[in-house]
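This report refers to the structure that appears directly beneath it.
Laboratory data are not the source of any read-out in this text; all were calculated from the coordinates shown. Everything quoted here is computed from the prediction, not taken from an experiment. Counting neighbours? That spans all protein chains shown, and the Cβs are built from the backbone with ideal geometry, glycine included.
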Amino acid sequence: MSRRIQPQRTAKPVLEFADVERLCSRRYEREARQRGWLRIAGLDEAGRGSLFGPVVAAAVILSPTRRIVGLDDSKKINPERRFILAERIRLHALACAVAEIDASRIDAWNIYQASRQAMVAAISQLEPLPDFLLLDAVELDLPIEQKALIHGDMRSASIAAASILAKVERDRRMEEYDRLYPQYGLAQHKGYSTPEHLAALRQHGPTPLHRFSYAPVREARCWSTGATQNPLPLPEQPVASHPES
């Protein structure tokens, strides 16, 4: 007895929801507008993991009618492209601002609180002020409706725009500091704990603008491990003569 062979059906590939959410888009901005919010600001910071200098935050209110192509997590964009996008953001955004918190206050407060304070300072400079905030895995103590997104700089165009502005501004500051402290190579590593930076810390010790609450800076004292100091030549002292008795 013959059997009828049923054709095998190939399952269609399914794009997981988690992957869809990670695509940088204006989905969250649209959802906020559908709920009645009009001025949606994205916020992000740059420099949390750096051993040197300030943490910089940016706030951006994108225009709902002007799309900026190429917005994404600033760490995934090369420096030349970041600079171009930053110029377009400043030109076409409804409002944008940057603010920074210096190393001494990072040491006094901790980097998490310093980052939040930098974001609050950036928001205070926006004109008009936002009525809704999109943030990258952080919440602020402000009487403004807000939504925190894990990996927000990869999922929200507004947060991505803020991450780009913050990164470009902080890189510019590191290039300025590199002229002040050329022995550390700040223009190359931007203050992060690269082997070159750690070697410079061991050789030269930290500057006043390093973050002393970070272990690699604390451990790099004024003298490098194993450093020696040549003895200073001492002038010969004349031998006192005693009168003969």
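The listed peptides 28-37, 53-62, ordered by packing as a protection proxy, come out as 53-62, 28-37 (highest mean of other Cβ atoms within 10 Å first).
Gain on full extension, evaluated as 0.36 nm per residue between Tyr112 and Leu23 minus their Cα-Cα distance, stands at 29.4 nm. Compared with the direct C-alpha span, the chain from Thr194 to Glu219 gains 7.5 nm at full extension, assuming 0.36 nm per residue. Taking amide hydrogens as placed 1.01 Å from N in the peptide plane, the amide H of Ser25 sits under 5 Å from those of Ser156, Ala157, each at least 5 positions away in sequence or on another chain.
The value obtained for segment 23-172, namely the Cα convex hull volume divided by the number of residues, is 98 Å³ per residue.
Max-minus-min Cα coordinates of segment 140-228 on each principal axis give 58, 25, 21 Å, with the largest extent listed first. Backbone amide hydrogens, once placed in the peptide plane, bring Leu149 within less than 5 Å of Leu135, Asp136, Ala137, Val138, excluding anything fewer than 5 places away on its chain. Report the Cα centroid-to-centroid distance between segment 152-195 and segment 34-81 in angstrom, as an integer. Answer, in whole Å: 13.
Here the simple spin-label model places points 7 Å from the Cα toward Cβ, and for Gln34 and Asp102 these points are separated by 4.7 nm.
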